[in-house]
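Student: Dumping the structure here so I can ask a few things about it.
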Amino acid sequence: MRLFSVIIICACIISACTTPETLSEADPAETVEESAVPQWFSNDVYSHSDSVAVYGFAMASAADSAHAATYSKESSVQNLKFEIDRLAEDARRELAAVSESPYSDTAFIINLRTVIRDLSLEGADFTVKHEVSESGIHYIYSKAVVSRENIITLLQHNLHDEALLQKLAP
């Protein structure tokens with residue numbers, strides 16, 4: 001009898017602590033918001049490469065759309081150059097690890113960085129998306145893309161090292 005009384009008391013306490021409201025699920029159509037951010041843009045990824053091309057991404061916001069567009073485009077090009085530099089450095093390290101070679105020399109490394117910094121990426125393909133917030137702020141998303149083949153061609157003009165260029169080839 002005592003056990004029965006304890007169970008009844010526990011059941012009463014548990015039922016008193018629960019809410020009598022029923023749960024209602026939100027309508028999925030109401031919770032889905034259309035994002036102004038393009039699918040190819042992520043705040044976590046500034047550059048990316050694959051076997052076909054190298055990509056640079058950027059977003060800029062400003063009250064003046066021209067200023068935001070200029071800054072976004074320049075930033076995407078800088079992020080693209082960063083990715084090219086990263087690829088070149090990976091290739092240089094692989095070549096330097098294989099044997100005693102000029103790839104470990106400071107002069108070679110500085111020359112490689114200078115060539116990449118000075119690359120003219122005017123031929124890059126740009127994708128730009130422009131959004132304006134309710135408060136009048138312009139958001140410009142940009143993506144700069146250069147094919148791996150074009151990168152090799154651009155580097156061949158100033159960097160005369162076939163082994164490194166072959167490592168960078170797709």
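Each value in this text was obtained by applying a stated rule to the coordinates, not by laboratory testing. Owing to the predicted nature of the structure, the values given are computational and were not obtained by experimental measurement. We place every Cβ from the backbone using ideal geometry, glycine too, and count neighbours over all the protein chains shown.
Student: If I model a spin label as a point 7 Å beyond the Cα along the Cα-Cβ vector, how far apart are those points for THR70 and THR106 in nm?
Tutor: 3.8 nm
Student: If you split all Cα-Cα distances of the range 93-170 into 5 Å bins from zero, what percentages do you get per bin, shortest first?
Tutor: The calculated distribution, bin by bin, is 3, 12, 18, 18, 13, 10, 8, 6, 6, 4, 2, 1, 0.
Student: Once fully extended, how much extra length lies between GLU122 and GLU149, figured as 0.36 nm per residue of separation less the alpha-carbon to alpha-carbon distance?
Tutor: 8.2 nm
Student: To one decimal place, what Kirkwood hydrodynamic radius in Å is obtained for the range 40-168 from all pairs of distinct Cα atoms?
Tutor: About 15.8 Å for the range 40-168.
Student: Tally Lys and Arg at +1 and Asp and Glu at -1 over the other residues with C-beta under 13 Å from the C-beta of ASP85: what net charge comes out?
Tutor: +2
Student: Run the reach check for LYS129 against lysines, Cα to Cα strictly under 29 Å, same-chain hits fewer than 8 apart removed. What comes back?
Tutor: Those lysines meeting the cut-off are LYS73, LYS81, LYS143.
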